[in-house]
1. Among the numbered criteria (1) touching a Ser or Thr at 6+ places or on another chain (Cβ under 9 Å); (2) crowded, with 18+ Cβ neighbours inside 10 Å, which single criterion is violated by Asp89?
2. Please work out which one of (1) of a type outside the set (Val, Ile, Thr); (2) buried (at least 21 other Cβ atoms within 10 Å of the Cβ); (3) modelled with pLDDT under 95 is the condition Ala41 fails and give its number.
3. Kindly provide the set of residues from region 105-123 that are more than 13 Å from the chain's Cα centre (by Cα) and closer than 14 Å to Gln35 by Cβ, ordered by number.
4. Has region 50-63 got any residue that is surrounded by fewer than 18 Cβ atoms within 10 Å (Cβ to Cβ) and in contact with a Pro (Cβ under 8 Å, 6 or more places away or on another chain)?
5. Which condition breaks for Arg156 when tested against (1) part of a loop (DSSP other than H, G, I, E, B); (2) under 20 Å from Ile172 (Cα atoms); (3) over 15 Å from the mean Cα position of the chain (by Cα)?
6. Might you check whether a residue that is modelled with pLDDT of 95 or more, of a type in the set (D, E, K, R), touching a Ser or Thr at 6+ places or on another chain (Cβ under 7 Å) and outside any strand (DSSP E or B) occurs anywhere in region 48-64?
7. Filter region 68-83 for residues that are touching a residue at least 40 places away in the same chain (Cβ under 8 Å) and assigned to a loop (DSSP other than H, G, I, E, B); which is farthest from Gln45 (Cα to Cα)?
8. Which one of the conditions (1) touching a Gly at 6+ places or on another chain (Cβ under 8 Å); (2) modelled with pLDDT of 95 or more does Glu85 fail to meet, given that it meets all the rest?
Amino acid sequence: MRLVHCLAALTFVIPVGASALTPEGVEIHLARDLQAAGVRAGARQIPILLVVTQEHCPFCHRIKEEILRPMLISGDYENRVLIRELLIDPGETTRDFLGRQRDARDFADDYKVWVTPTLLYLGPDGRELRPRILGINTLEMYGYYVDEGIEEALQRLRSGGAELYIPTEEDIGDWPAHWDESYF
């Protein structure tokens, strides 16, 4: 009789556990409300990894499928980073860290983001904690670079050194003086 109860219990546990571990069940949350994300990250003392993307960007899709979703599926990053995606296609909006509803491209422009994907490591207040990652250079090493960035941002945030990092022109790259519609 105990075996029947164990088998009955397993029929409920296995499907739930299996579906929770499949990539289809995991989504990267869109950055619709960065103020709320900042409050959540601040309460947990973790940085925000803001992934700036565009729908037509094949590299953005690749990063999400091969790097970020597996990170979320693993569960290893839950207490280390809050991952959000900022889609900057026309018509997309976000609530910024001050609670203002903004055009997503204008918000990205504040950070001088000019290429997608761009990964920004942000504190709960929206300040950059470390150099960003621009585009994709070597996909095989990308996960390592993301992990190193998370660790540096986490250490800087928890040590209270968020104010010590100021993005340089080298960190930002060849940012155009204004948005050029050819990027979209």
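1. Asp89 satisfies every listed condition except (2).
2. Result: Ala41 passes all but (3).
3. Phe107 - this is the single residue of region 105-123 that is more than 13 Å from the chain's Cα centre (by Cα) and closer than 14 Å to Gln35 by Cβ.
4. Within region 50-63, the first condition is being surrounded by fewer than 18 Cβ atoms within 10 Å (Cβ to Cβ), and the residues that meet it are 55-56, 58-59, 61-62.
If we keep only those that are in contact with a Pro (Cβ under 8 Å, 6 or more places away or on another chain) as well, we get 59.
Yes, region 50-63 contains a residue that is surrounded by fewer than 18 Cβ atoms within 10 Å (Cβ to Cβ) and in contact with a Pro (Cβ under 8 Å, 6 or more places away or on another chain).
5. (1)
6. No, because not a single residue in region 48-64 is modelled with pLDDT of 95 or more, of a type in the set (D, E, K, R), touching a Ser or Thr at 6+ places or on another chain (Cβ under 7 Å) and outside any strand (DSSP E or B).
7. Initial filter on region 68-83 (touching a residue at least 40 places away in the same chain (Cβ under 8 Å)): 68-73, 77, 80-83.
With the extra rule that they be assigned to a loop (DSSP other than H, G, I, E, B), the set shrinks to 77, 80-81.
Values: Tyr77: 13, Arg80: 8, Val81: 9 Å.
Top of the filtered list is Tyr77.
8. Of the numbered conditions (1) touching a Gly at 6+ places or on another chain (Cβ under 8 Å); (2) modelled with pLDDT of 95 or more, the odd one out for Glu85 is (1).
The values are calculated or read from the model by the stated rules, or taken from the named source; none is laboratory data. Please read all numbers here as calculations on a predicted model, not as lab measurements. Here Cβ is always computed from backbone atoms with ideal geometry, including for glycine, and neighbour counts include all displayed protein chains.
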